[in-house]
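> Got a structure here, written out as structure tokens. Questions coming.
The values are calculated or read from the model by the stated rules, or taken from the named source; none is laboratory data. Quick caveat: nothing in here was measured; it's all calculated off a predicted structure. In this analysis, Cβ positions are derived from the backbone assuming ideal geometry, glycine residues included, and neighbour counts consider all displayed protein chains.
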Amino acid sequence: MKTTAGDVCTLCGGPARAVSPGAAFSGVTSDIKPWPRMGAILCCEACGHVQKRLDGQWRADAKAIYDDYVMYHLSDGAEQVVFDAAGASPRTARLIEGMSAAWSLPGSGSLLDVGCGGGAFLAAFGRAMPGWKLFGHDHCAQRRAEVMAVPGACGFHCGALTDAAAQDGPFDAVSLIYVLEHMPEPVAELSRLRALLKPGGTLMVMVPDFAQNPFDLAVVDHCGHFFAETLARAAELAGYEIVALGRQWMAKEVGLLARPRPGGAPAPKDGDPNQGQALARTSLDWLSRTVAAAKETARALHAQGRPFALFGTAIAGSWLAQELAGHVDCFVDEDVLRWGKTHLGLPILGPAQAAPGTGLFLGFPPALATSIAERLTQAHPHLTPLLPPEQP
């Protein structure tokens, strides 16, 4: 690894060094738009946290991304749907199903969702906990009406979090769902949330888990790339005690439930820099091998006169389409709201619409890709699922 003066860990403040990828990768935004660069990946030499280099280029990229941000634009604003053997469900509903098995919340209370967007998490939480009062906070007031239309919604705040606390707080629970990875100062942000919670209140956090899903490294505006140990460390440094750490609440993601620690943050335990460094190196290497394997497979299929398609139009599929430019014939997606549209200049087809013999590359972690392949083979035998390389 190599270092640049000023590279500092956003968790512990220790020195961070660059982890060099095997190729100059492009990037993708979290609202699935192409971007010309991924950004440098750093790993802390003290605690092992993995992050982007937050230099002028990254900050300019992040500003440009957020200035043009449109969530779920391929599905007309509808929340992302998760497909598995049990069927299709909105992502937040599936998250609540996993998270609720770990929490011990009373039948009534108040929840503030920070970074609430259009209120998808609030709606899912409200269905599971109908006795709770729901409040949303977001940096942008554009979706206020959507949030306030959620059953049980009692307030929406835009601006300083202290205003939310003064008007409606403190709260029995505060949630931060797919937000912390966007924050350049994650420990400081988590610390600020402590003041919003009642004594004994619950903090809920969910982030992508790059240990399960290396494609998260390609998301340009994700400045932090967490795995279970570094997510827990961030909360502990911010003065929380961990109640539950959820590696299996959602595929490819990790979350936690925590409570404010009386007296604030304890002396933190030492992190393991080797764990983060190894994960970052092997993840970047796996991305390189995945792109190379997909290109080779696409060439072989085209030589046989067969189409090569990417499965899914989310982060992984969108990033792979850029890296495989000129090799991909179409996307195949199970979300009916995306059928018939184009993405990155390629048509989006439903599985039944794809031509017989289509090779369908599954850009997912290998274990998840294998599960998807088994399901697709049964439901759509005219397709040929293609697995990515194994991870170390």
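> Out of (1) in contact with a Leu (Cβ under 8 Å, 6 or more places away or on another chain); (2) over 28 Å from Ala232 (Cα atoms), what's the single condition that is false for Ala149?
(1)
> Right, next: Can you give me the number of residues within the range 160-206 that are in a loop (DSSP other than H, G, I, E, B) and of a type outside the set (Asp, Glu)?
Looking only at the range 160-206, we keep the residues that are in a loop (DSSP other than H, G, I, E, B), and these are 160, 169-170, 178-179, 183-185, 195-196.
With the extra rule that they be of a type outside the set (Asp, Glu), the set shrinks to 160, 169-170, 178-179, 183-184, 195-196.
Count: 9.
> Out of the residues in the range 286-295 that are in contact with a Pro (Cβ under 8 Å, 6 or more places away or on another chain) and buried (at least 18 other Cβ atoms within 10 Å of the Cβ), which is nearest to Ser26 (Cα to Cα)?
Filtering the range 286-295 for residues that are in contact with a Pro (Cβ under 8 Å, 6 or more places away or on another chain) and buried (at least 18 other Cβ atoms within 10 Å of the Cβ), the one nearest to Ser26 (Cα to Cα) comes out as Leu287.
> Oh, and also: Please determine whether any residue of the range 115-128 is closer than 15 Å to Met204 by Cβ, in contact (Cβ under 8 Å) with a residue 24 or more places away in the chain, out of contact with any Lys or Arg (no Cβ under 8 Å at 6 or more places or on another chain) and assigned to a strand (DSSP E or B).
no
> For the range 56-94, name all the residues that are at pLDDT 95 or above and surrounded by fewer than 18 Cβ atoms within 10 Å (Cβ to Cβ). I'd like the intermediate steps shown before the answer.
Residues of the range 56-94 that are at pLDDT 95 or above, as a first pass: 56-65.
Selection gives Gly56, Gln57, Arg59, Ala60, Lys63, Ala64.
> Taking the residues in the range 372-392 that are loosely packed, with under 15 Cβ neighbours inside 10 Å and polar (S, T, N, Q) as candidates, determine which candidate is nearest to Pro214 (Cα to Cα).
Out of the qualifying residues, it is Thr377.
> Quick one: would you say Glu334 is surrounded by fewer than 15 Cβ atoms within 10 Å (Cβ to Cβ) and either modelled with pLDDT under 95 or in the same structural domain as Gly317 (by TED's automatic domain parsing) (or both)? Talk me through it step by step, then tell me what you get.
Details: surrounded by fewer than 15 Cβ atoms within 10 Å (Cβ to Cβ): no; either modelled with pLDDT under 95 or in the same structural domain as Gly317 (by TED's automatic domain parsing) (or both): yes.
So Glu334 does not fit the description; no.
> Out of Arg194, Arg247, Arg233, report the one residue that is closer than 30 Å to Gln322 by Cα and either surrounded by 23 or more Cβ atoms within 10 Å (Cβ to Cβ) or assigned by TED's automatic domain parsing to the domain that holds Gly126 (or both). Steps first, please.
Working: Arg194 fails: closer than 30 Å to Gln322 by Cα; Arg233 fails: closer than 30 Å to Gln322 by Cα.
None of the other options fit; the residue is Arg247.
> Before we move on, is Ala379 over 27 Å from the mean Cα position of the chain (by Cα), small (Gly, Ala, Ser) and over 12 Å from Ala293 (Cβ atoms)? Before the answer, list the steps.
Numbers: over 27 Å from the mean Cα position of the chain (by Cα): yes; small (Gly, Ala, Ser): yes; over 12 Å from Ala293 (Cβ atoms): yes.
Against the criterion (over 27 Å from the mean Cα position of the chain (by Cα), small (Gly, Ala, Ser) and over 12 Å from Ala293 (Cβ atoms)), Ala379 qualifies.
> Continuing with this model, one more query. Across the range 89-110, what is the number of residues that are within 16 Å of Val243 (Cβ to Cβ) and among the hydrophobic types (A, V, I, L, M, F, W, C)?
5
> Same structure again: What are the residue pairs meeting all of these: first residue in the range 159-179, first residue closer than 10 Å to Leu196 by Cβ and modelled with pLDDT under 95, second residue surrounded by fewer than 19 Cβ atoms within 10 Å (Cβ to Cβ) and among the basic types (Lys, Arg), Cβ atoms under 8 Å, and 6 or more apart or on different chains?
Listed by first residue and then by second, the contacts come to Leu161/Arg192.
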